[in-house]
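Have a look at the structure below before the remarks.
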Amino acid sequence: MTETIDREESVKLFKHYITNYYLEHPPTSRGDFISLKKRFEDRTSGDTTSSEWVLVHTMLDDGKYAFKNKNCPTLHDVMVDLPDVELKYLVACYGDYQKFRGTTNENIILTMEHTIIQGDGYCSRVLHDTRIDYDLCHPPKEFWDNFEPGKEEEAKKYYKK
């Protein structure tokens, strides 16, 4: 598409398409979403080793759930040789913003500043529940760099409210 129309217009069109796709094709069920705290508890209890995703989780505040992907088993390996980082990000990651809203609650907003697909060593993600806290502040890189299994509380010293 970027080879047939202006790149900036292509990117805007793709973003518009992806966002509207998820709005027009919501999940058949949001499951049992109650709160981000409950989501955190569910994700950190029971069998946490059966997923191919390597994740670290913590609650930063009430209504603010942070998690770090240490791998990207869905698209990164398939797209690793493609040279255009912006387009790789749009295809692999951009839809996540609307997907998280669609699978949780319309008041949930995802922030994400670091992604494996863009060359970072991890994906930094925070789900914000705007019914509780509308501060969409994303923790600094120092937080994410130190956010490792068993060291979640230690990493929080880099998070400023």
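The values are calculated or read from the model by the stated rules, or taken from the named source; none is laboratory data. The model shown is predicted, which means the values in this text are computed figures rather than measured ones. Here the Cβ positions follow ideal geometry from the backbone for every residue, glycine too, while neighbour counts run over all protein chains shown. The accessibility values were calculated without ligands, DNA or RNA, using every heavy atom of the protein model including side chains. Shrake-Rupley method; radii C 1.70, N 1.55, O 1.52, S 1.80 Å.
Taking the range 102-161, which residues are open to solvent by 50 Å² or more (accessible area, probe 1.4 Å), aromatic (Phe, Trp, Tyr) and in a helix (DSSP H, G or I)?
158
Going residue by residue through the range 50-62, is there one that turns out to be within 17 Å of the chain's Cα centre (by Cα) and more than 29 Å from residue 130 (Cα to Cα)?
yes
When the range 15-45 is examined, which residues are found to be open to solvent by less than 70 Å² (accessible area, probe 1.4 Å), without any contact (Cβ under 8 Å) to a residue 60 or more places away in the chain and more than 20 Å from residue 128 (Cα to Cα)?
Selection gives 20, 45.
Return yes or no: is residue 89 in contact with a Ser or Thr (Cβ under 9 Å, 6 or more places away or on another chain), within 28 Å of residue 156 (Cα to Cα), open to solvent by less than 50 Å² (accessible area, probe 1.4 Å) and assigned to a helix (DSSP H, G or I)?
yes
Return the pairs, sorted by first residue and then second, in which the second residue is assigned to a loop (DSSP other than H, G, I, E, B) and open to solvent by 40 Å² or more (accessible area, probe 1.4 Å), the first residue lies in the range 72-91 and is free of Cβ contacts under 8 Å to residues at least 60 places away in the same chain, the beta carbons are less than 6 Å apart, and the residues are 6+ apart or on different chains.
From the range 72-91, the pairs are 73/52; 88/82.
Out of all the residues in the range 49-73, which are among the β-branched types (Val, Ile, Thr) and open to solvent by 80 Å² or more (accessible area, probe 1.4 Å)?
Residue satisfying the conditions is 49 alone.
Given the range 1-79, what helices (runs of 4 or more DSSP H) lie entirely inside it while holding 1 or more residues that are at pLDDT 90 or above and within 26 Å of residue 139 (Cα to Cα)?
Per the criteria, 7-24, 36-43.
Which members of the range 29-52 meet the condition of being polar (S, T, N, Q) and within 14 Å of residue 100 (Cα to Cα)?
29, 35
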